[in-house]
Amino acid sequence: MRIDEVPRLEDQFCFPLYACAKEVVRQYRKPLEALNLTYTQYLVMMVLWEHGGMTEGQLGRKVYLDSGTLAPLLKRMERSGLINRIKPDGNVRKLYVTLTQEGRDLKEKAKSVPGEIQNCLPLPQEDLLVLRELLNHLLVSMEKNM
């Protein structure tokens, strides 16, 4: 492409990545509706199910959300009874996030979600694994360059 040419959508790497991500997240709506979770809340829950309690900052780094986005999300999740936000030793600047019993119990109900999503993706399992590996590699490489 010449420098004076108008960029074309079909020539952009970012567009199919964006559009696919948007469509995959859209596929999560139905199974997550049954759990009363949004996709972003589901990401938070998966991290807490796997790793247990952690600070808000640690959680934000794992799900790639800044504090301005994560804090209101966590407040809503606390109001819905899924998590506790604890200020250790009165330190108002650091919040520790843990699952409630209701949040831990939701893990069992969520076990079917990955299979439901995989059934919606029209690629063979091997291609999906390669794609995930490539995207993880890209993400790690981008983090190193930040």
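The values are calculated or read from the model by the stated rules, or taken from the named source; none is laboratory data. All of these numbers come straight from a predicted model, not from anything done at the bench. A quick note on method: Cβ atoms are made from the backbone with ideal geometry, for glycine too, and the neighbour counts reach across all protein chains shown.
Brief remarks on what is shown
- If you go through segment 1-47 and keep only what is of a type in the set (Val, Ile, Thr) and under 22 Å from Gly60 (Cβ atoms), you end up with Val24, Val25, Thr38, Thr40, Val44, Val47.
- Of all the criteria given as (1) over 30 Å from Leu121 (Cα atoms); (2) without any contact (Cβ under 8 Å) to a residue 40 or more places away in the chain; (3) in contact with a helix residue (DSSP H, G or I) (Cβ under 8 Å, 6 or more places away or on another chain), the one not satisfied by Val6 is (3).
- Within segment 76-100, the only residue that satisfies the criterion of being under 29 Å from Met146 (Cα atoms), surrounded by 12 or more Cβ atoms within 10 Å (Cβ to Cβ) and charged (D, E, K, R) is Lys94.
- Any hit, segment 62-72, residues being in contact with a strand residue (DSSP E or B) (Cβ under 6 Å, 6 or more places away or on another chain), without any contact (Cβ under 8 Å) to a residue 60 or more places away in the chain, over 21 Å from Glu143 (Cα atoms) and not assigned by TED's automatic domain parsing to the domain that holds Glu143: no
- Meets criteria (more than 14 Å from the chain's Cα centre (by Cα) and surrounded by fewer than 15 Cβ atoms within 10 Å (Cβ to Cβ)) for Asp66: no
- Total residues in segment 4-18, condition assigned to a helix (DSSP H, G or I) and either acidic (Asp, Glu) or surrounded by 11 or more Cβ atoms within 10 Å (Cβ to Cβ) (or both): 6
- Matching helices (runs of 4 or more DSSP H) fully within segment 94-146 where at least 1 residues are in contact with a Phe, Trp or Tyr (Cβ under 6 Å, 6 or more places away or on another chain), over 25 Å from Gly81 (Cα atoms) and in the same structural domain as Leu37 (by TED's automatic domain parsing): none
- Residues in segment 39-96 that are charged (D, E, K, R) and under 24 Å from Lys111 (Cβ atoms): Glu50, Lys62, Arg76, Glu78.
- Qualifying residue in segment 22-37 (condition: out of contact with any Asp or Glu (no Cβ under 9 Å at 6 or more places or on another chain), closer than 24 Å to Glu143 by Cα and hydrophobic (A, V, I, L, M, F, W, C)): yes
- Boolean, Val44 is surrounded by 16 or more Cβ atoms within 10 Å (Cβ to Cβ), within 19 Å of the chain's Cα centre (by Cα), β-branched (Val, Ile, Thr) and closer than 25 Å to Val24 by Cα: yes
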